[in-house]
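Laboratory data are not the source of any read-out in this text; all were calculated from the coordinates shown. Keep in mind the model is a prediction, meaning the values are calculated, not measured. For neighbour counting, all protein chains shown are included, and Cβ atoms are generated from backbone atoms with ideal geometry for every residue, glycine included.
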Amino acid sequence: MRIEHPYSLLVRADGLAWTCGQCPLAHDGAVLAPGDLGRQADHVADYISRVLDKAELSRVNVAKLVLYHAAGAPVDTERMLNGFRTGFPNALLVPVGTPFFYYPGMRLEVDAHAAEHRGPLVVSDDKVHGLRIKAVDGGDLIWISLEVLADPNETQSRRSHALITDVVRDALHATTGVSHGALLADHWFVTGDGARAALERLRGAGLVTDPGAAVGVTLPRRVVAMGELTFARDSHGGPICPVTSSSGTPVFVRHSRNHFSIAARSDSSHASLVGETKAVMTSIAETMRAQGWSFDKVCKATTHYVGSSAAQDLHENMAVRNAYYRRPGPASTGLPVAAFPFSPSRIAVDLLGIIE
């Protein structure tokens, strides 16, 4: 990066590991293979392998890859996907198309989630209700991708609305053995018509914490909504959401016996991006203190913000977030997105950490 930061390339704890957003950047922040998504994918795959090796892990330990990419020609995207399918066998791939990145010529940023003992990739297709679930068991945590496909049949949509809760819950249990109540964290990505209705149905099934935090992106063909979900094997303690801080910013908290997650977004478009970042981080800090948690137990931080392709937008809100950590900090990812379609927010921050 072209800014000093307190973040770690990878955090490993209790048999699990998370990388920061791996980018095709040289040691001085220069973009490698500018504009070439396929070559940048090769660089990033190599970086992931190197950092895994330092943590005494390998590519076979990788359970999930979130592939943030500047969408272009379909052939470029397919080459990227094929490269990661080959290089990381049986990993869950979550492709998310973003409008641009903060450094000119950069087209890719990848999060890797790994486990010492991970299960195989399991796929469940429900064509009747337009759902596809992909899951990998990482032990304490289970990573799931839930895709909602466009439904051209209005009658089927009404039937799906009535049955969606039971269908999703049954599919989750059959695929992973967990219930919807074991949800620990969720990121939702949406595009096109039908996304809002899909989120509302899934919210009724207990799988969408905050529709306002859903990010507008480019998704694979026919997919109108995609959830990147994390479930806890031991959901002891249950969900606590939402918590409203003294500043009025809603904060959503979930925890299991071993892990916690905190999600917060600005609820106003009146402040600047930096002002909204400050409000969000203040609310998160207040909530963490109330729960008895601390920032040095955060393993993974994810930030989506509405900004331009200018690096300054990233660096300014990143500087606010940086102030809450000290080295060695969490694995962190932050990137610009097109919009939060269902809220006036400019930024959303999600943290996942360890409870000791």
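With each pseudo-label sitting 7 Å past Cα toward Cβ, what's the A30-D193 distance in nm, one decimal?
4.9
Determine the calculated [θ] at 222 nm for the chain from helices alone, applying -39500 (n - 2.57) to every DSSP H run no shorter than 4 residues and normalising by the residue count; nearest 500 deg cm²/dmol.
-9000 deg cm²/dmol
Among F231, F252, which comes first, second and so on when ranked by fewest other beta-carbon atoms within 10 Å?
The fewest-first ordering by Cβ neighbours comes to F252, F231.
Separation of segment 341-356 and segment 57-102 by C-alpha centroid, Å?
So the two Cα centres are separated by 23 Å.
Counting only DSSP beta bridges with both residues in segment 119-235, tell me the antiparallel percent, nearest 5.
95
Using modelled amide H (1.01 Å from N, peptide plane; none on Pro or chain starts), what sits under 5 Å from the amide H of A70, excluding residues fewer than 5 places away?
Correct list: T98, L108.
What is the set of long-range amide H partners of K64 at a cut-off below 5 Å, with H atoms built 1.01 Å from backbone N?
L92, H113
Expressed as a whole number of Å, what is the distance separating the alpha-carbon centroids of segment 38-53 and segment 302-319?
Cα centroid to Cα centroid, the span is 24 Å.
Hey, what do the phi angles of segment 208-215 turn into as Karplus ³J(HN,Hα) couplings, whole Hz, using 6.51/-1.76/1.60 and θ = phi - 60°, x for Gly and Pro?
Working through the residues one at a time gives 10, 6, 8, x, x, 8, 5, 9 Hz.
Here are labelled values, [x] 89, 76, 53; [y] 74, 40, 39; [z] 55, 49, 40, and one is the computed Cα extents along the principal axes in Å for what I pasted. Which one?
[z]
Could you tell me the distance between the Cα centroids of segment 252-298 and segment 211-227, to the nearest Å?
23
Short version: ³J(HN,Hα) in whole Hz for each residue of segment 173-182, in order, from phi by Karplus 6.51 cos²θ - 1.76 cosθ + 1.60 (θ = phi - 60°), x for Gly and Pro, what are they?
Those phi angles translate into 5, 5, 7, 10, x, 10, 9, 4, x, 8 Hz.
How would you classify segment 254-356 from its alpha-carbon gyration tensor, with a ≥ b ≥ c the square roots of the eigenvalues: rounded for a/c under 1.5, else prolate if a/b is greater than b/c, otherwise oblate?
prolate
In segment 10-115, what % of DSSP beta bridges are antiparallel (nearest 5)?
Expressed as a percentage, antiparallel bridges in segment 10-115 total about 70.
How far apart, in nm, are the 7 Å Cα→Cβ label points at R257 and R50?
Simple spin-label model gives 4.0 nm for this pair.
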